[in-house]
Amino acid sequence: MSVTVKFDKEACIARIKNAAEGEALLITSKQVLKDSNKYCPKDQGTLISSSLTNSQPEKGKLVWKTPYARHLYYGIIMVDPLTGKACFPIDDGKGGEILVSRKGVKKEKSNREFHFANGRQKLWCHYAKSKHLKEWQKAFDTVFKNEMRKK
């Protein structure tokens, strides 16, 4: 008696790739974004909103896109090279003040760091990873296994 087994290596690789880069990547990326935004600095919510608009979780690409996202991520205060200040107050015409910067000035790094409140962090993705990596791995594994079981 003989047994013949045919193994389609390319089909097997394609199936694994589709499972990993499909639903598993999407679900995990959405969770990473949600968990990272728990630690993202928040004033008016624009930075967090930018991540919801500019990220592509189906590709595993998470993006916070505002003019200040980069220096908040690294926690460094950027200053006007002429004034040495991040911004200055001007009258808002309503009895209050607003903070502005000189137009067109490319700011430079200072030696000062931001101090965030309410559990918000610089390097918020890295911090979220330190807190949630095992959960993310479990979520990915669960979805990946379910995808591999599908016929």
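Any read-out appearing in this document is the output of simple, stated calculations on the displayed coordinates, not a laboratory observation. Please read these numbers as outputs of a predicted model, since none were measured by experiment. Please note: Cβ atoms are built from the backbone with ideal geometry, for glycine as well, and neighbour counts cover all protein chains shown.
Within the stretch 84-115, no residue satisfies the criterion of being at positive phi and not in a loop (DSSP other than H, G, I, E, B).
Taking the condition over 29 Å from residue 109 (Cα atoms), in contact with a strand residue (DSSP E or B) (Cβ under 9 Å, 6 or more places away or on another chain) and of a type in the set (S, T, N, Q), does residue 29 pass?
Working: over 29 Å from residue 109 (Cα atoms): yes; in contact with a strand residue (DSSP E or B) (Cβ under 9 Å, 6 or more places away or on another chain): yes; of a type in the set (S, T, N, Q): yes.
For residue 29, the condition - over 29 Å from residue 109 (Cα atoms), in contact with a strand residue (DSSP E or B) (Cβ under 9 Å, 6 or more places away or on another chain) and of a type in the set (S, T, N, Q) - is met.
Just to confirm my filter: which helices (runs of 4 or more DSSP H) fall fully inside the stretch 3-83 and include at least 1 residues that are in contact (Cβ under 8 Å) with a residue 24 or more places away in the chain, of a type outside the set (Ser, Thr, Tyr) and more than 21 Å from residue 129 (Cβ to Cβ)?
Numbers: elements: 9-21, 23-37, 46-54, 69-74.
Where helices (runs of 4 or more DSSP H) fall fully within the stretch 3-83 and carry at least 1 residues being in contact (Cβ under 8 Å) with a residue 24 or more places away in the chain, of a type outside the set (Ser, Thr, Tyr) and more than 21 Å from residue 129 (Cβ to Cβ), they are 9-21, 23-37.
Inside the stretch 32-72, residues that are crowded, with 19+ Cβ neighbours inside 10 Å and among the aromatic types (Phe, Trp, Tyr) make up a count of 2.
What's the total number of residues in the stretch 103-151 that are farther than 19 Å from residue 73 by Cβ and over 23 Å from the mean Cα position of the chain (by Cα)?
Of the stretch 103-151, the ones farther than 19 Å from residue 73 by Cβ are 103-105, 134-151.
So of that shortlist, the ones also over 23 Å from the mean Cα position of the chain (by Cα) come out as 103-105, 145-151.
Within the stretch 103-151, residues that are farther than 19 Å from residue 73 by Cβ and over 23 Å from the mean Cα position of the chain (by Cα) number 10.
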